[in-house]
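Report on one structure; see the data block that follows.
The values are calculated or read from the model by the stated rules, or taken from the named source; none is laboratory data. The shown structure was predicted, so the numbers you read here are calculated from the model rather than taken from an experiment. Every residue, glycine as well, gets a Cβ built from its backbone with ideal geometry; the counts of neighbours run over all protein chains shown.
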Amino acid sequence: MRQVPTISSIWSRSLPCCCNYENHPLENPMSQISTARDVVPRVTTDSAKTDIQPNILIVDDRKENLLATEKVLRNLHATIFKTTSGNEALSQMLRHKFAVVLLDVQMPEMDGFETAMLMQEEESMRGTPIIFVTAISKEDQYASRAADIGAVDYVFKPVNPDILRSKVKVYLDLYVQREQIVKLNTILQQSNDELERFAYICSHDLKSPLRAIQNISEWIEEELGDTLQGKSRQYMDELRKRVQRMEKLLDDTLAYARIDRKRQAEENEIVNGKTLMEDIMALMAPPESFTVKIGERLGQINVNRLPLQQVLYNLVNNAIKHCDKEAGTVEINVEDGGSLHIFSVRDDGIGIAPEYHQRIFEMFQSLNPRDQREGSGMGLAIVKKILVTCGGEITLESEPGQGALFRFTWPK
């Protein structure tokens, strides 16, 4: 027989802080790991506002023209490269990334048009804005040829310095903005990866001590047998509930962190809307006293099963869970919103005060004490993140005692 502490010694050490359930820190499970929030980096737009120095390439076979153009652009926040031939320009573009290229048309060996066509053939150079600068005829055929090659502008000599400077500045600004977006996307991806790693730790490493607590409680119950009664039995049952609640919280945290990646990996099955709702109800198995009404129009649309199934499941389950009457009603409908479906989930439950309409979509939020209704407070947060990821939105109309109406858009 296992040697375990007596029940009286265990309760005397651990239960004084647990008996008052409303004030116990586990009422908010995340209070036990609140410092872990600092593990996940905070991403702001300032993170991408580093000093990006764009490059300008000037190509002209006459050095006096190179110097004159450089003088015009000197005050712009950019590094200026100068070359005297098409071959030199191609060589520079293989080694550097340029925000804009100013390209002379008339050059020996390889003219500007040929140089530009070779640039468009190389993937690393393709898409770089090219401004042709020329003293040849101003006939439309030359400007048309430049446009066909992919040039963004065609400037004639003698050049107006102010006009040239303003044109180049536009492409420098666009380049900096594009690079900031690329950098911000990289930072966001790193942040998402950190969040998923943190969620993985929550879901696996933190579950180990929870499983140990569960096992110890089973050993104690086995050891004490029928002598475990009254308050002791109540405390044991409460301990098990708290462990199960924490496990659910960890599972939901991991699911929330993996929404983006999971969506990318999902193979979408196309199903009829009514079939989807029938499958959801079979998974949920609501109480017989509940009436679930599925709108006729749901049978007239076809949608991707995932992750829409999770959104509707969470909303309907939330309506059933928070109903304050034995015979409640939930209605699910859909309307045509042009390029979007507009779904609605209406219930006749307890309702939600307007001041909480935004808060309920945050992580780990519940408007009821967790001793009254079990849950991790993640259901609606998961719904909102899925919708944002898929390009949808969700709104809530509700007043206390008047039920709730959730509406969300879903791309067709």
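The set of residues in region 68-90 that are in a helix (DSSP H, G or I) and touching a strand residue (DSSP E or B) at 6+ places or on another chain (Cβ under 8 Å) comprises Thr69, Glu70, Leu73, Gly86, Glu88, Ala89.
Take the conditions (1) closer than 24 Å to Asn272 by Cβ; (2) without any contact (Cβ under 8 Å) to a residue 60 or more places away in the chain; (3) in contact with a strand residue (DSSP E or B) (Cβ under 9 Å, 6 or more places away or on another chain); (4) in a helix (DSSP H, G or I); Tyr313 misses just one of them, which is (3).
Give the residues of region 376-405 that are in a loop (DSSP other than H, G, I, E, B) and within 19 Å of Asp348 (Cβ to Cβ), sorted by residue number.
Result: Glu399, Pro400, Gly401, Gln402, Gly403.
Scanning region 352-359 turns up no residue that is under 18 Å from Arg258 (Cα atoms), assigned by TED's automatic domain parsing to the domain that holds Pro286 and either of a type in the set (Ser, Thr, Tyr) or assigned to a strand (DSSP E or B) (or both). Within region 86-104, residues that are in contact (Cβ under 8 Å) with a residue 60 or more places away in the chain sit with their Cβ atoms under 6 Å from residues that are in a helix (DSSP H, G or I), at 6+ positions apart or across chains, in these pairs: Ala99/Tyr171; Ala99/Leu172; Ala99/Tyr175; Val100/Val168; Val100/Tyr171. Looking only at region 180-195, decide whether some residue is surrounded by fewer than 17 Cβ atoms within 10 Å (Cβ to Cβ) and closer than 23 Å to Leu73 by Cα. Yes, the conditions are met somewhere in region 180-195. Out of Asp336, Asp324, one residue alone is in a strand (DSSP E or B), in the same structural domain as Ile394 (by TED's automatic domain parsing) and acidic (Asp, Glu). It is Asp336. Among the residues making up region 377-408, those that are touching a strand residue (DSSP E or B) at 6+ places or on another chain (Cβ under 7 Å), crowded, with 19+ Cβ neighbours inside 10 Å and either farther than 26 Å from Arg245 by Cβ or in contact (Cβ under 8 Å) with a residue 60 or more places away in the chain (or both) are Val383, Leu387, Gly392, Gly403, Ala404, Phe406, Phe408.
The residues on offer are Met107, Met119, and the sole one that is surrounded by 17 or more Cβ atoms within 10 Å (Cβ to Cβ) and in a loop (DSSP other than H, G, I, E, B) is Met107. Of the residues making up region 211-227, those that are touching a residue at least 40 places away in the same chain (Cβ under 8 Å) and surrounded by 16 or more Cβ atoms within 10 Å (Cβ to Cβ) are Ile220, Glu223, Leu224. Scanning region 286-303 for residues that are within 13 Å of His341 (Cα to Cα) and surrounded by 19 or more Cβ atoms within 10 Å (Cβ to Cβ) yields Leu298, Val303. When Tyr142 is tested against (1) modelled with pLDDT of 85 or more; (2) in a helix (DSSP H, G or I), just one condition goes unmet, and that condition is (1).
Would you check if Phe113 is part of a helix (DSSP H, G or I), surrounded by 12 or more Cβ atoms within 10 Å (Cβ to Cβ) and assigned by TED's automatic domain parsing to the domain that holds Ala135? Yes; evaluated as a whole, the condition is true for this residue.
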